[in-house]
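Trainee: Below is the structure I would like to discuss, written out as structure tokens.
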Ligand SMILES: [Zn+2]
């Protein structure tokens, strides 16, 4: 389709019917075409003309089939003239359709529950898909003080005598059918000028007169939002920006430069402004580049949802966005795989959940992860080039990856493989840390390991921010990259007297962790809702900074710990309670377990006798787990219903997990490496994993002669004094011997 020229007659408004005429300019792209099939839902067709001559047609309520009098070939242009009308359709879910409501007539171009989701066909005959793009002219005849607002620019308003007028709108940019729009009613229009990066862009907002006074308060940051997206993505590519406020019952619709916006969101304040921002951002994500298949709707809606955070971050600060990121993480990690039939990749979403949480929320988190992975400046530069070079085009995820790789020096294959083309979540735990004072400043050694949820592989690379805090909560931030299942890191010259290490404190990389942080200044109860626990502080020296993370992954526990403790850790979740308590803190808390499937919390405990449960603990900074003795098990009167809690009268910082006593535990996985040494080949330093658990360590050369062990500090062997060559390192952990051939360069 090249162009739609649509005319509507609303002189008999109270009839609540469409009376339309569509001139369709069609470029034929196949040879020997005898018929043309268009989408048109309900309505009835009066005539179809080609160059003034009537054609025979059949309309089965869904498809309008038109027989050509002579066959058409590639390169032919046909102009069909279709007269049609009737009572327009709206989906039962009442989002998409063409409505006569509260004195207004308007379309909403997407159906949530009907397929295909495109809903141009409820108001004009068209090719209703995500890839066919065309330009538009729309003419509206009306009376009684009504006005129209449509896709494009207003070209003409002409009085035809009395209060009868005709308005003509024209859109030169090409859009898919679901983004075309028309609204007719008694409106005030409010105009703004936005001075953009490249040009001045007119903004028109149409509202019922009763809403006009509230507009300024609700759209106070609209121009600022335009600036944020122009700077964060690319210059605004459309002729104008517009909103029309409609009696919608929920949601909004990103019709190109004529956004359908619900009147409940025009309330005089900015409490709904992320909806304003979301719809505007579709003029970069969805309208300018459009997903070519509905299975990849994250390219539209995930990015628009990410844009809400970008707006909050730049308008206010990251903390304003972080609150929402963390609340969504908690909800998704607990519910998403239950609500949407399992863990899903982002490129094969079934049509029933095209507009579900994988698409909006997991999609948004994936865009956020991409920014963290690329770094903000390359991300912005790459997106700008991508959008500027692909205006008014259909795209897919693979193409987005290739384009971003073209414009930046970053290889994004593993990122897209893990975050877009695969289901599930990545996660990280801080398994140990040590501080070693040098003069004044301090060295920090710490160990991170990867976990995962809903997938069975670790990430090739996770960019992580590390925050080191001193006892006065003063912070210093670092960046590290975790590129293996576990690794040891060393930060030099950190603030003196560090007291805590936090990983990914600002949740800029979305992991399978939901968390909360508080500065506590007085005794009382504190709810960490994103971690599903509460802390009751009984006494406090001065103040405390408490961070609680709920990890929705298996527990990072060594097989040697499982054998020694004869436990199997709960694979569903564990907690990390971290922080700094100035002058000490005495607090109590409960870890509530719930094995009922409906709880979506500890399903693995559903058939476990509760008296076999233990609470596992490892101290803050320590790698090895123990059974926590200062906790009492409360089975809440029934030890087989899967419900109860461990009650702690004294909480210590560290990690906590539910464990199941099991004499057979540890019998499996004996082949798993309990330790290893790296890098190999090495230069002057060799890192030993799980060095705390080493029972013995020997080093021999290739001749079998024992070599004296170099100085070791926090698992780091100083290899400088050894001559280059191959060495055999034998390490005993958990009663097992492991051998590695190490090359010293
Ligand atoms: Zn959207």
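What follows draws every value from the coordinates through simple rules; no lab data is involved. Remember, it's a predicted structure, so these values are computed and weren't measured experimentally. Glycine gets a Cβ as well: all are built from the backbone with ideal geometry, and neighbour counts include every protein chain shown.
Trainee: At what distance in nm do the modelled label points of residue 683 and residue 317 sit from each other, each positioned 7 Å from its Cα along Cα→Cβ?
Mentor: Placing both labels 7 Å along Cα→Cβ, they lie 4.0 nm apart.
Trainee: At residue 476 and residue 339, where each label point lies 7 Å from the Cα along Cα→Cβ, what is the point-to-point distance in nanometres?
Mentor: The modelled label-to-label distance comes out at 4.2 nm.
Trainee: Quick check: convex hull of the Cα atoms in region 3-186, volume per residue, rounded to a whole Å³?
Mentor: So the per-residue hull volume is 116 Å³.
Trainee: Take peptides 679-688, 295-304 and line them up by average Cβ neighbours within 10 Å, highest first, as a rough protection proxy.
Mentor: 295-304, 679-688
Trainee: Tell me the mean residue ellipticity at 222 nm calculated for the chain from its helices only (DSSP H runs of n ≥ 4, each -39500 (n - 2.57), averaged over every residue, nearest 500).
Mentor: Value at 222 nm, helices only: -4500 deg cm²/dmol.
Trainee: In whole angstrom, note down how far apart the Cα centers of region 478-536 and region 25-91 are.
Mentor: With region 478-536 and region 25-91 each reduced to a Cα centre, they are spaced 62 Å.
Trainee: Would you mind giving the three semi-axes, in whole Å and largest first, of the ellipsoid equivalent to region 289-442 according to its Cα gyration tensor?
Mentor: Its equivalent ellipsoid spans semi-axes of 28, 21, 16 Å.
Trainee: Please tell me the relative contact order of region 192-260 in percent, rounded to the nearest whole number, where contacts are Cα pairs under 8 Å and at least six residues apart.
Mentor: This gives 35 percent for region 192-260.
Trainee: Computed from the mean reciprocal separation of all distinct C-alpha pairs, what Kirkwood hydrodynamic radius does region 1-81 have, in Å?
Mentor: 13.7 Å
Trainee: Next question. When the Cα centres of region 346-377 and region 610-664 are compared, how far apart do they sit, in Å?
Mentor: Value for the Cα centre distance between the two parts: 36 Å.
Trainee: Another question about this same structure. Evaluate the distance, in nm, between pseudo-label points positioned 7 Å from the Cα of residue 76 and of residue 599 along their respective Cα→Cβ axes.
Mentor: 6.9 nm
Trainee: I'd like the antiparallel share, as a percent to the nearest 5, of DSSP beta bridges with both residues in the chain.
Mentor: Taking every DSSP beta bridge with both residues in the chain, the antiparallel ones total about 90 percent.
Trainee: What whole-number distance in Å separates the alpha-carbon centres of region 675-703 and region 566-601?
Mentor: That distance is 34 Å.
Trainee: Just the Cα atoms of the chain, one point each, no solvent: what log10 I(q)/I(0) does Debye give at q = 0.06, 0.07, 0.09 Å⁻¹?
Mentor: With no solvent term, the Cα-only Debye profile gives -0.48, -0.63, -0.91.
Trainee: If I take R0 = 45 Å and measure r between the Cβ atoms of residue 193 and residue 83 in this structure, what FRET efficiency does the formula 1/(1 + (r/R0)^6) give, to the nearest 0.05?
Mentor: 0.65
Trainee: At q = 0.11, 0.23 Å⁻¹, what log₁₀ I(q)/I(0) does region 220-305 have when each alpha carbon counts as one equal point scatterer in the Debye sum?
Mentor: Treating every Cα as an identical point scatterer, log10 I(q)/I(0) equals -0.29, -1.20.
Trainee: So for region 677-744, averaging the separation of alpha carbon pairs under 8 Å that are six or more residues apart and normalising by length, what relative contact order in percent results?
Mentor: Once divided by the residue count of region 677-744, the mean separation gives 37 percent.
Trainee: Let me ask something else about it. Rounded, prolate or oblate: pick one for region 677-744, where a ≥ b ≥ c are the square roots of the eigenvalues of its C-alpha gyration tensor, a/c under 1.5 means rounded, and failing that, prolate if a/b is larger than b/c, else oblate.
Mentor: It comes out oblate by the Cα gyration axes.
Trainee: Compute the whole-percent fraction of alpha carbon pairs in region 425-511 spaced more than 16 Å apart.
Mentor: Beyond 16 Å sits 52 percent of the P(r) for region 425-511.
Trainee: Further question: How would you rank 678, 452, going from fewest to most other Cβ atoms within 10 Å of each one's own Cβ?
Mentor: 678, 452
Trainee: Which order do the peptides 202-211, 353-362 come out in when sorted by mean C-beta neighbours inside 10 angstrom, highest first?
Mentor: Averaged packing, sorted descending, gives the order 353-362, 202-211.
Trainee: Still on this structure, please answer the following. Could you work out the mean projected area of the convex hull around the alpha carbons of region 534-682, in square nanometres to one decimal?
Mentor: Its Cα hull, projected and averaged over all orientations, spans 11.0 nm².
Trainee: DSSP beta bridges in region 3-186, what fraction antiparallel, as a percent rounded to 5?
Mentor: 90 percent
Trainee: Based on the inverse mean of 1/r over its pairs of different Cα atoms, what is the Kirkwood hydrodynamic radius of region 509-606, in Å?
Mentor: 15.0 Å
Trainee: Using 0.36 nm per residue of separation minus the Cα-Cα distance, give me the extension gain between residue 650 and residue 460 in nm, one decimal.
Mentor: 64.5 nm
Trainee: OK, next. With equal scatterers on the alpha carbons only and no solvent term, can you work out the Debye log10 of I(q)/I(0) for region 186-342 at 0.18 1/Å?
Mentor: -1.16
Trainee: Pairs of Cα atoms under 8 Å, at least six residues apart: use those to get the relative contact order of the chain, whole percent.
Mentor: Relative contact order comes out at 7 percent.
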